[in-house]
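The values are calculated or read from the model by the stated rules, or taken from the named source; none is laboratory data. In this text the structure is predicted, and so the values were computed from the model without any measurement. For the accessible areas, the whole protein counts, side chains as well, though only heavy atoms, and no ligand, DNA or RNA atoms are used. Shrake-Rupley method; radii C 1.70, N 1.55, O 1.52, S 1.80 Å.
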Amino acid sequence: MKETPEWAGRARVVMLGRDGCHLCEDAWKVIDAVAAEAGASRAEVSLAEVGEADREDYWDKIPVTFVDGARHDFWRVDEGRLRAALKG
């Protein structure tokens, strides 16, 4: 099993994305709203900021969402699923 990247723990909800990604923009809107509602911290990490191994693992899955340091979703963020994860 792959070790959790250190950057995935920057906030309760972390989104790995890249500039110019329309899916990232859509995902961030959901993350921002749901995390704010739950009082959870959130952070956005650029694919350009992470190490080569993480870029290789995640480049084709962005945006990738992490909750409490664990990978939660990729490509799209489901509002109900994110809300449930933040409650649990």
Problem - the chain - mean residue ellipticity at 222 nm from DSSP helices (-39,500 (n - 2.57) per run, n ≥ 4, rounded to 500) - result: -11500 deg cm²/dmol
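At 1.4 Å probe size, with every protein chain present, just tell me what the per residue accessible area of the range 1-76 comes to in Å².
Per residue, the range 1-76 has 59 Å² of solvent-accessible surface.
Send over the Kirkwood Rh of the chain, from the inverse of the averaged 1/r over different Cα pairs, rounded to one decimal Å. It would help to have the intermediate numbers written out before the result.
On the way: mean 1/r = 0.0787 Å⁻¹.
Taking the inverse mean of 1/r over all distinct Cα pairs, the chain comes out at 12.7 Å.
Relative contact order, percent, of the chain when contacts are C-alpha pairs under 8 Å separated by at least 6 residues?
Details: 133 pairs, mean separation 34.6, N = 88.
Reported relative contact order: 39 percent.
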Fill in the blank from the handout: So residue 70 and residue 32, fully extended at 0.36 nm per residue minus their Cα-Cα distance, gain in nm 11.9 nm
Completion exercise
For the chain, the longest principal axis of the Cα atoms and the Cα long axis of helix 22-38 enclose an angle in degrees, to the nearest 10, of 40 degrees
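For the chain, give me the percentage of DSSP beta bridges that are antiparallel, rounded to the nearest 5 percent.
Numbers: 8 of 13 bridges.
Roughly 60 percent of the DSSP beta bridges within the chain come out antiparallel.
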